[in-house]
Amino acid sequence: MQAVNRSSSFKRAFITIGSLAALAGTLAAPGAMAQDAAQGQIVIPDNVKIFGNDNPNVRRATAVVNGDVITGTDVDQRLALIVAANQGKISDDEMKRLRLQVLRNLIDETLQIQEAKASDIDISQAEVDQSYARVAAQNFNQNTSAMDAYLKRIGSSPASLKRQIRGEMSWQRLLQRNISPFINVSDDEVNEMLARLKAAKGTDEYRLGEIYLSATPDARQQVYDNATQIVQQLKQGGSFVAYARQYSQASTAAVGGDLGWIRLAQLPAELSTVAREMQPGQLVGPIEVPGGFDILYLIDKRQVLTTDPRDAILSLKQISISFPKGTTEAQAGQKAEAFANAIKAAKGCGDVDKVATGIGAQVVANDQVKARDLPGPIQNAILQLSPGETMPPFGSVEDGVRILMLCGRDDPQQADQGPTFEQLQAQLEDDRINKRAQMYLRDLRRDAIIEYD
């Protein structure tokens, strides 16, 4: 994939707890004979007969990877993170598949940690603890004690998440030392890409989420089937961010699959054709790309190097009420109407706190809300308001009712000028690092000694 604007360091290679590439060792169904030349001396007849009942795809949860043990508890605790992210809405069949996937993920993670140690790369416990505290604060808005309690409550553990963090840090530093120094991008390549971006001024750019699954030719069908199952789970309400972290083999797994803002010229042709037709909130996939499959989710869309009203910074007050247990829909509707009338009578943001206190409502203020970050239906409505005006109430019987009041608005002064020469050069370098790193991990898997109990 060409130059992708994102916060993560390595696009395709920095594998977190999501790795489906172990499927590459699983041989394809009938039709594999067509791949004989590409597979060297591996020859598989079409009329395969399996002797015995030992199904290699049915494994108990314990494995020994080059002497390091992965226990059933390790798998259970990592699996608990996925279950929690999906609010427990996982079928029995999906749970079995997830257990196998988590085991494969842990095998990859173990290989990465082992390779880092063999290369004399040391990740101190203090570094792991610091990253763990940052995850607790940024992703869960909690301190480490609250985070520890949460993980134990869902059936996971701090040790499990810290092991994941150690694996991510080990792999990243290994790539930085063994691959990054040998990657070069010429000035001519960068200047050519910059020229293409400037020529695209006023055209659309996209903020995409991705889940990338690698597949060798012999594992193509099985990886495709797994990708299709992931898409089905996502359409049934699964968390894209959680699935990206758990399954994606792109480095963006660490940030929930977020590619950041990109132009179609930066995408492979297979993806740019699909992305051009997508609308915000749409999920598409699996899409076959060189080396595997992609699942795309369009988070947002805007125009290149053009000022967008949705980049305005808003000052908002949220006024909310909750309903007592047992409140009916009819009762809630009446209370919501009375609530809306009371707030509408307030004389702007300076008066709304007093009005809210009089009706038992709560008020929360935020002066740094980017309009773009609000849900789609709210974005358009709130940008039509003048200071002191409110949106219609929204909510439910269970969650209560909220009203947003606009207190102020700072419009963007100029359009985004796009990536600098240095930023774009780094992005192109990342892409090449990722391709090399995929080969690196494949070599580790091929040479590994793995025993299953």
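The values are calculated or read from the model by the stated rules, or taken from the named source; none is laboratory data. It should be emphasised that the depicted structure is a prediction, and the values quoted were computed from it without experimental measurement. Neighbour counts are summed over all protein chains in view; Cβ atoms, including those assigned to glycine, are modelled from backbone coordinates with ideal geometry. Keep in mind that these areas ignore ligands, DNA and RNA; they rest on the heavy atoms of the full protein, side chains included. Shrake-Rupley method; radii C 1.70, N 1.55, O 1.52, S 1.80 Å.
Taken as a whole, the structure places Q233 among residues that are open to solvent by less than 60 Å² (accessible area, probe 1.4 Å) and more than 30 Å from Q303 (Cβ to Cβ).
Restricting the range 160-171 to residues that are in contact (Cβ under 8 Å) with a residue 40 or more places away in the chain and of a type in the set (A, V, I, L, M, F, W, C), which is nearest to Q114 (Cα to Cα)? The qualifying residue nearest to Q114 (Cα to Cα) is W171. Every condition in (1) buried (at least 17 other Cβ atoms within 10 Å of the Cβ); (2) closer than 30 Å to D443 by Cα; (3) modelled with pLDDT of 90 or more holds for S119 except the one numbered (1). Does T328 satisfy the criteria of being under 38 Å from the mean Cα position of the chain (by Cα), more than 12 Å from V401 (Cα to Cα) and of a type in the set (S, T, Y)? Spelling it out, T328 is indeed under 38 Å from the mean Cα position of the chain (by Cα), more than 12 Å from V401 (Cα to Cα) and of a type in the set (S, T, Y). Scanning the range 257-311 for residues that are open to solvent by 30 Å² or more (accessible area, probe 1.4 Å), at pLDDT below 90 and hydroxyl-bearing (S, T, Y) yields T273, T306, T307.
The helices (runs of 4 or more DSSP H) found entirely in the range 137-206 that carry 1 or more residues being at pLDDT 90 or above, surrounded by 20 or more Cβ atoms within 10 Å (Cβ to Cβ) and not aromatic (F, W, Y) are 144-153, 158-178.
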